[in-house]
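Novice: This is the structure I have questions about; it appears just below.
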Amino acid sequence: MFVRSFLMICAFSASALGLAGCRSLPPSKPASEWTPQEARGAAVYQAKCARCHYPTSTRPLNGPGLQALTKLKAMPSGAPPTDERLTAVILHGRQTMPGTPLTDDQLNDMLAYLHTL
Ligand code: HEC
């Protein structure tokens, strides 16, 4: 509970002050250490998601920043960041986020990449 509130306060002050990110979140895996699958997922992300989400920041763009997404207890909606939930959000969208049709390979690569954030 304490950790959750702390993260929320931290995410809030990071966006309110326009800081690059929230120091209490674990850092994203550097590109130099990506596996081939994670690198393929990053390319899919650049093509399909980057215009609406910063990957390595909590600052919002069109949608919430996704830094440390899979390491958090809950996503902005409150749902846990499981692969099943992420798959549903990616393929079908959520509220103002449009669904993104992906092949099974693209989806698996994307999920691997999201775990590096
Ligand atoms: C046109 C802009 C747009 C695109 C493209 C987009 N998103 Fe989103 N995304 C949003 C918005 C807006 C929200 C907030 C939706 C809401 O109100 O819950 C969101 C929410 C999310 C969430 C949080 C879901 C939750 O339960 O809180 C995740 C994760 C996410 N997007 C991942 C992705 C990924 C991965 C892609 C690429 C396949 C992507 N998005 C493409 C706009 C976008």
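Nothing in this text is a laboratory measurement; each read-out follows from the coordinates by a stated rule. Note that the coordinates shown come from a computational prediction; the quantities given were computed from them, not determined experimentally.
Novice: Using the alpha-carbon centroid of each, what span in Å lies between the range 50-70 and the range 81-96?
Specialist: 15
Novice: Under the Karplus relation 6.51 cos²θ - 1.76 cosθ + 1.60, θ = phi - 60°, what is the ordered set of whole-Hz ³J(HN,Hα) values for the range 87-98, x standing for Gly and Pro?
Specialist: Values per residue, Gly and Pro as x: 4, 5, 5, 5, 6, 10, x, 7, 6, 7, 8, x Hz.
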